[in-house]
Amino acid sequence: MSKPLKQIHLAAHFPGVNNTTVWSDPKAGSHIEFSSFVHFARTAERAKFDFLFLAEGLRLREQGGQIYDLDVVGRPDTFTVLAALAAVTEHLGLTGTINSTFNEPYEVARQFASLDHLSGGRSAWNVVTSWDAFTGENFRRGGFLPQEERYSRAKEFLATAHELFDSWHGDEILADRETGTFLRDAKAGAFVHTGQHFDIHGQFNVPRSPQGRPVIFQAGDSEEGREFAASSADAIFSRYAALEAGRAFYQDVKSRLAKYGRGHDQLLILPAASFVLGDTDDEAQELAKEVRRAQVSGATALKHLEFVWNRDLSAYDPEGPLPDVDPVVSEEHISRGRAQVRMYRDPLATAREWRELAAANKWSIRDLVIETGNRQNFIGSPATVARTINDFVQADASDGFILVPHITPGGLDVFADQVVPLLQEQGVFRTEYEGRTLRDHLGLAHPDQIGDDRRAAS
Amino acid sequence: MSSTPSSSLHLAVALDGTGWHPASWREPAARPRELFTAAYWADLVTEAERGLLDFVTIEDGLGPQSSHFLDADERTDQVRGRLDAVLIASRVAPLTRHIGLVPTVVSTHTEPFHISKAIATLDYVSNGRAGLRVQITARPNEADHFGRRTIPRIDAYDSPAAREVVTDLFDEAADHVEVVRRLWDSWEDDAEIRDAATGRFIDRDKLHYIDFEGRHFSVKGPSITPRPPQGQPIVSALAHDTVPYRLVARAADVGYVTPYDVDEARALVARIRAEQNAAGRAAEPLHVFGDLVVFLDDDPAAATARRERLDALAGQPYTSDALIFTGTAPQLADLLQDLHGAGLSGFRLRPAVAGHDLPAITRGLVPELQRRGVYRRAYEAGTLRGLLGLARPANRYAATATA
Ligand SMILES: Cc1cc2nc3c(=O)[nH]c(=O)nc-3n(C[C@H](O)[C@H](O)[C@H](O)COP(=O)(O)O)c2cc1C
């Protein structure tokens, strides 16, 4: 007897600040104008996606002391865009990445609770920590939070926000005109939190929202990040959209749930994934090559190499061989404001490995960056892509995907029109929204139904 | 063709819960159970837009409302709780086309970097209709919600100790606004070049570090959000005293004052103009709006009766920092014209009961003003700056860069 098929979760990531987006394509529109967000959100909702996702970065990236100018630069404010999108959509979940280091719990909890009210229960919070003094220079706190305190602040921030969300139970507002009782309880919203990072008390001033709490996402991959997710998140935004790496990550994270008294279904794994579609598999492969070359110009390739070499490589020819000089190993990095920098923990070893790869394959600098850099995850005809996505999900490489198209804002249209119907035919993706809230779409219980196991466990 | 006579006055409404009278939620026209829904706010703002108002402000606070000046109370007979004003404004922006959206922003506990990009984005989602109303808070209980500073306890706003605390908070607010404004200018308008030939998305020479160093914060910049459609969205502030008048004079596009009669209005405008001169901004347009609470009905007795009924429900007469007007639309129009003559360029009306007095403004007062030829008959501009007769400002950094 075969297992029933898992239902796939799909979400749409509005392309952000990185070289995934081919801004030079004539079909590329604005990353800022609201009409782009409306188009994107409506496409996602037409396709019955679970939610729309926005990333965040709170300082413009720099390379060699100058603002990085080769990729899309600039983005609007997350809360503002999501609240406005709530007006032009009815079902689509609205997920915002909000940093726990450069915000305060009272304000962020108010914003998410407000978004949940104003969207009728569709809000989600991707909690990120991304600490660096560089970004801190834009904020009151400054860059003074020691790195090891990132996750401890994030954990306490989230726990505090939950205390604020839970400080209203949902039945306090009577608004009884006859008796003149607006509030059942003068203490509605009362809270006291004493901890290592926050010592706050008073009254939260937003009544309980439709979802009780926003859905919580986590997006960090370290040991601490995985534990944080297992203890406290409803979903993970991960980077493992390839089959074997995805399965390993999935197993690892899901196996951590038991110790927090949580069930297998209480944490969804949703990697970021890109796609390139063609009428045939061959056509899609050709198109994918073109997209890669558009994403990685010669100039971009040199800049990417600088992440590892940590030195100015502008004198090199991107169509020529890799530099024969070695990377500079230093605390100071040529690139600032990029999370990926941490991927290059041993630059000397990476450089050695890349030189060997390039020599063996006769790759130029640009070829190397194209071949080793961000890969497109799903390339092929709509049938191939639909089948592959389903295979990945059924094999527990993920519970679905957060798709990042390479064209803004129309890059999702072809997926919505051609791939989604096939997934629906296979019976693995909804044809209509069954509930109204994001928790409904994701199959997550309302926090009032699961009780306080999360807090009790931590 | 402009349908607005040059003598035209401006009108805004201040939205706060079910209205400004603490018992307003008990009126038949109030919708107290819907205060936390988008539909409620959408209905109010579209009603204001139907009346061709310049803008709405949306009140906010970082703690529960209270009948005490500086502390929380324990009352259960008044509206408590509210949604974030910037999010409300954003939520209604796509549902409206002309009216300005001016949420309250509390400078005391927020990050100017976040506020700057939020209001810039409100300007994008509304196609040029955003503003903010900056406010300080001296409430110790609100400081306790953040836990990163203590605000010295004061007993009233007019003691010397209070003056020191409030001056400090207003200085910080001035810095806050300065940072927000510099961040709005930190991208030149044409910074996005998408130059395929060189592979550059932006011209980084048109992005500027703001390098602000102040007593309460320092901010590097540039913003992550490009310069908003209006260049500089509207900054506004309510002011009752010299220190806040100075903030208005130095930093605002619109100041709200609370005169009780024509003479006081004239005096307040003079004080603000003097501060404006002192700040070297004499040549810049600065609107001074009068704030009034309004009970509007078809006959004066009905308005008075309604006010008395609400006062009885509240258990005490309603008092306000602003003049409380009770009467008919023609009477209010007379008063507004007199105050307009004393130098106020517009008014921010605070409906005592939102569900009653807002439609009375849009369907009673506005037609009355139109009949008198002192109010627009159609929206004449696409942006809030345009409605207020303010030009789109040049970018401060572009000027220095080309010098
Ligand atoms: C797939 C993925 C997406 C992320 N997106 C963001 C983002 O949009 N903004 C941000 O500030 N950090 C983002 N991060 C950074 C993480 O929140 C975290 O700070 C970073 O990965 C370092 O933590 P770690 O060592 O646990 O991985 C992302 C991380 C991952 C893995």
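So here's what we get for this one:
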| quantity | calculated |
| --- | --- |
| Nearest 10 degrees, 0 to 90: helix B:242-251 Cα axis against chain B principal axis | 50 degrees |
| In Å², nearest 10: area of B:Glu74 left accessible to a 1.4 Å probe | 120 Å² |
| Relative contact order for chain B, counting Cα pairs under 8 Å that sit 6 or more residues apart, in percent | 23 percent |
| Low-density loop positions, trypsin sites (Lys or Arg not before Pro), the range B:129-224 - DSSP coil, at most 16 other Cβ in 10 Å | B:Arg148, B:Arg149, B:Arg153, B:Arg215 |
| Span from the the range A:244-280 Cα centroid across to the the range A:153-192 one, whole angstrom | 34 Å |
| Kirkwood Rh in Å, taken over the protein assembly as shown so that all alpha-carbon pairs contribute | 28.6 Å |
| Entries of A:Lys303/B:Lys220; A:Lys27/A:Lys155; A:Lys259/B:Lys117; A:Lys48/A:Lys187 with Cα pairs more than 31 Å apart | A:Lys27/A:Lys155; A:Lys259/B:Lys117; A:Lys48/A:Lys187 |
| Whether chain B is rounded, prolate or oblate, judged on the alpha carbon gyration tensor where a/c under 1.5 counts as rounded | prolate |
| Pairwise burial B:A, computed as accessible area of each alone minus the pair, summed, 1.4 Å, Å² | 6500 Å² |
| Selection from B:Val92, B:Ala118, B:Val102, by position along the positive dipole direction of the range B:73-118 (Cβ) | B:Val92 |
| Rg/Rh (Cα only; Kirkwood hydrodynamic radius) as it applies to the range A:247-295 | 1.31 |
| Share of Cα-Cα pairs in the range B:1-144 lying beyond 18 Å, as whole percent | 60 percent |
| Calculated log₁₀ intensity ratio I(q)/I(0) where the Debye formula runs over C-alpha points of the range A:109-190, q = 0.11, 0.16, 0.18 Å⁻¹ | -0.48, -0.80, -0.91 |
| Alpha-carbon radius of gyration plus Dmax, which is the widest Cα pair, for chain A in Å | 22.9, 84 |
| Value at 222 nm in deg cm²/dmol, rounded to 500, when DSSP H runs of n ≥ 4 in chain A each add -39,500 (n - 2.57) | -10500 deg cm²/dmol |
| Average accessible surface area per residue within chain A, 1.4 Å rolling probe, Å² | 38 Å² |
| Rounded accessible area of A:Glu319 (nearest 10 Å², 1.4 Å probe) | 100 Å² |
| Nearest-20 debye value, chain A charge dipole, Cβ charges on Lys, Arg, Asp, Glu | 400 debye |
| Dipole in debye (nearest 20) - chain B, about Cα centre, beta carbon charges: Lys, Arg +1; Asp, Glu -1 | 880 debye |
| Full-stretch length increase - A:Glu356, A:Ala242 - with 0.36 nm per residue and alpha-carbon distance subtracted | 38.6 nm |
| Gap separating the Cα centres of the range B:172-244 and the range A:81-122, nearest whole Å | 24 Å |
| Gyration tensor (alpha-carbon) shape descriptor, the range B:140-299, a/c threshold 1.5 | prolate |
| GluC sites (Glu not before Pro) within the range A:47-112: DSSP coil, no more than 12 neighbouring Cβ in 10 Å | A:Glu90 |
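The values are calculated or read from the model by the stated rules, or taken from the named source; none is laboratory data. Predicted model, so just to flag it, every value in this text is computed and none were measured. Every residue, glycine among them, receives a Cβ derived from its backbone with ideal geometry; neighbour counts consider all protein chains shown. Calculation scope for accessible area: heavy atoms of the full protein, side chains included, ligands and nucleic acids excluded. Shrake-Rupley method; radii C 1.70, N 1.55, O 1.52, S 1.80 Å.
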